[in-house]
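Here's the structure we're looking at; comments come further down.
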Amino acid sequence: MNDKELSKYLSLVLRHQPEKLNVELDDEGFTSLSDLIAKMQAKPRWAGLHERDVRRVVRESDKQRYEIVDDRIRARYGHSVHQAVSYDPIEPPEILYHGTSPDAAVLIAVEGLRPMNRQYVHLSTEVHQAMLVGRRHHPRPTLLSVRAREAHAAGVVFHLPEPRLYISGPIPADYIDHSEG
């Protein structure tokens with residue numbers, strides 16, 4: 001079994017389609033690790049899956065997409081399911097970054113950053129990471145610099161689900177600067 005495939009499947013089930021395995025997510029996006037593994041093992045593709053495999057993917061993922069607390073697992077961010085995954089509010093750094101397509105950047109200049117089909121706006125602490133994300137949408141993305149500390153002072157709530165990724169609610173256009181990628 002391939003760790004990348006396992007990570008993608010966990011992402012599908014924990015972030016977007018828990019019904020694919022008839023998995024119940026609680027109010028914070030957690031589900032029972034042992035139940036998840038048992039339901040996955042019932043599928044021929046995952047029959048040889050062990051808890052140690054899931055724990056390894058969670059521990060060694062460079063993006064830190066998942067977390068395990070006791071016998072519960074959840075995706076840390078990127079959800080399109082209705083359960084609101086919650087984190088403690090935190091004061092963000094002065095500047096955070098978001099990569100996007102030039103067309104979306106035009107709309108963002110007017111409407112600000114919105115979660116769209118996710119629960120939160122995703123922001124990076126690193127220009128490079130933001131540009132990688134932006135290239136998923138366009139070969140020459142636009143880099144947005146978010147004056148996060150100012151937005152926070154104005155009432156935008158930020159969270160830190162993993163060291164290089166901040167998430168927030170909508171960010172008004174007044175706190176966003178644009179540059180070409």
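May I ask you to list the residues in segment 91-105 that are more than 14 Å from A151 (Cα to Cα) and surrounded by fewer than 15 Cβ atoms within 10 Å (Cβ to Cβ)? First the steps, then the outcome.
First, pick out the residues of segment 91-105 that are more than 14 Å from A151 (Cα to Cα): 98-105.
Within segment 91-105, just D103 meets the criteria.
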_If S80 meets every condition in (1) touching a His at 6+ places or on another chain (Cβ under 6 Å); (2) among the hydroxyl-bearing types (S, T, Y); (3) modelled with pLDDT of 90 or more apart from one, which number is that one?_
(3)
*Among (1) within 24 Å of Q119 (Cα to Cα); (2) at pLDDT 90 or above; (3) surrounded by fewer than 19 Cβ atoms within 10 Å (Cβ to Cβ), which single condition is I73 missing?*
(3)
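Kindly evaluate A130 against the criterion of being buried (at least 21 other Cβ atoms within 10 Å of the Cβ) and in a helix (DSSP H, G or I).
Details: buried (at least 21 other Cβ atoms within 10 Å of the Cβ): yes; in a helix (DSSP H, G or I): yes.
Taking the combined requirement at face value, the residue satisfies it.
The values are calculated or read from the model by the stated rules, or taken from the named source; none is laboratory data. Please read these numbers as outputs of a predicted model, since none were measured by experiment. Don't worry about glycine lacking a Cβ; one is built from the backbone with ideal geometry, like all the others, and counts go over all protein chains shown.
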